[in-house]
1. So what is the relative contact order for the chain, in percent, with contacts set as C-alpha pairs under 8 Å and at least six apart?
2. Checking a compactness column here: for the stretch 551-695, what do you get for Rg(Cα) / (2.2 N^0.38 Å), N being the number of residues?
3. Taking 0.36 nm per intervening residue step and subtracting the Cα-Cα distance, what contour gain separates residue 678 from residue 545 on full extension?
4. Using only the Cα atoms of the stretch 190-260, construct the convex hull and provide its projected area averaged over every direction, in square nanometres to one decimal.
5. Cα centroids of the stretch 423-449 and the stretch 319-353: how far apart, whole angstrom?
6. Tell me the label-point distance for the pair residue 320, residue 349, using the 7 Å Cα-to-Cβ offset, in nm and rounded to one decimal.
7. Using 0.36 nm per residue of separation minus the Cα-Cα distance, give me the extension gain between residue 251 and residue 164 in nm, one decimal.
8. Share of antiparallel DSSP beta bridges in the stretch 15-175, in percent to the nearest 5?
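Values quoted throughout were computed directly from the atomic coordinates according to the rules given, and no laboratory measurement underlies them. Since the model is a prediction, treat every value here as computed from it, not as a measurement. Positions of Cβ are backbone-derived with ideal geometry, glycine not excepted, and every protein chain shown enters the neighbour counts.
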């Protein structure tokens, strides 16, 4: 790695423990159970992959737990797997805990065996023992420990069972001066073993105890360039470039070629060796007495992943979530708005009392603060409902089924099926969807997902879409019918966004991002009862407040700019009016007017302020205002030339236009490229202009 990860020790005696595991095995639950609130987050050096550290004490000793990214293998195929491998290999942890899923232990042993190849100071935590019991799967912990030659403990991390035993094992293994006597050794084909024997003595001589010579020999034979560079840097000398090592490496590779092992065949043999060893271990340590519980999972999956029922259920669930979000957010939003605008009055009075000039008072209070208050009151209630509901589906295990259903369609677009998951994340926040693209291994397919994520409307665009749908197509009354109608129409708009995602993904894959779709393993985890309390807390603090904080950071400066444009007069009109008039001819070709287009431009920092800017410009108030009801807003819009066609054009452009500033910054951070950030800005914008222009021309032609 380019530089070491900063480990936050409270004492020089603290032991560093890496926490590894496949995705969806409960690794984060183990981490949270051990560390509680004593956690820190950051980024790995040179990577966009985040890390979490936490401290715990056991038997009077301190342990720093480092939660490394979830990975299926240490044969790195993604940034996450590379980070996991490099920290275990070169991060010098005092021990490595590998968390496994008791319900599918054989698959998880792949990572366990690779970790033991690197370091014998490994502890295996077999989690989800309660799930295995329901499936009538019995894991013999003692036998598994004998087979692996390392400590093994069982756990039910959700209830905290087994975590003390896990830390007992970690405590014991970190106090041992010498390595474990007899950890399991994965045996490969005779020709591979002979090649390893050729290299191993020389590597042991030049590397000492810094790296496992057998593991290093296998990696040199494999020819993993990135890992070899990391090993060179870790050893702080060019030991791998020594003439004797290079000569033995050529000899070993020649032996393999003579035995029929080219580079791909060698990799296949290494994977096969791990699989064979895992099978042998599980024959002795894992016993299954029935299939009742897993049979239930399969029956549910036949419904949720069926071509006939999968999509209708997916659409119905989406509509239900939107209905709950729309119906549940109205009253809290009104309360929050009332409270925040009450504070505005007190702020204005305070500024007047201390003698702040009126111009400055209006700019700060009616400009910056009012915009910020609007964004918070509009965004917070829907996000506080949507994100927990979304996280519940994630915790339940349903979202991987969504990705499975969409996989075949993304394959036809030469994209990756995992893009279905990043689309779902984009519904909450496009910036979160961009970060979620890290799960896609192929750089080409990751870029496609980033460039098209903005076709999923986020929580910031929901208020605009819902208000327009309600005013022009559902009716401004209140009640169950009105909220259900808005939810169904909003679902239809989102399905249009899904269609545009497929279309643009296909176009990109045939032009600037040509390529063949890569294969990947999409795990369908078992269905689990969501932990509602933890889900709510996690979604509010990790998602809702994070997104709200980013939006608020750009809303206040935007409020200043909007207020200045609305109050600075040039000639006989404000700067806002001049800009709207300048944009008007182009906007008319898209079925809108200059005020609407200018509102979208000024709404770049936060999509929530688009409608307030439109109201302010039409009323010429000089600051953002809130209409008392949708009926009054509809009257204002129709008086300024809005029709049903205008409403459709605005919804289409809201669905397909440039990403907000927060998303743009996130794209730049993830890609480290101005070029791809500009592309992510232009792709939805060009699509939105083209679709609105085509819709307007068709209306002109047939209207």
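1. Numbers: 1049 pairs, mean separation 73.3, N = 703.
The normalised contact order for the chain reaches 10 percent.
2. Working: Rg = 15.7 Å, N = 145, 2.2 N^0.38 = 14.6 Å.
For the stretch 551-695, the normalised Cα radius of gyration is 1.08.
3. 45.1 nm
4. Numbers: hull surface 16.9 nm².
Averaged projected hull area, Cα only: 4.2 nm².
5. 31
6. So the label points at residue 320 and residue 349 sit 4.8 nm apart.
7. Numbers: separation 87, 0.36 × 87 = 31.32 nm, distance 4.92 nm.
Result: 26.4 nm gained on full extension.
8. Details: 13 of 32 bridges.
Within the stretch 15-175, antiparallel bridges account for around 40 percent of the total.
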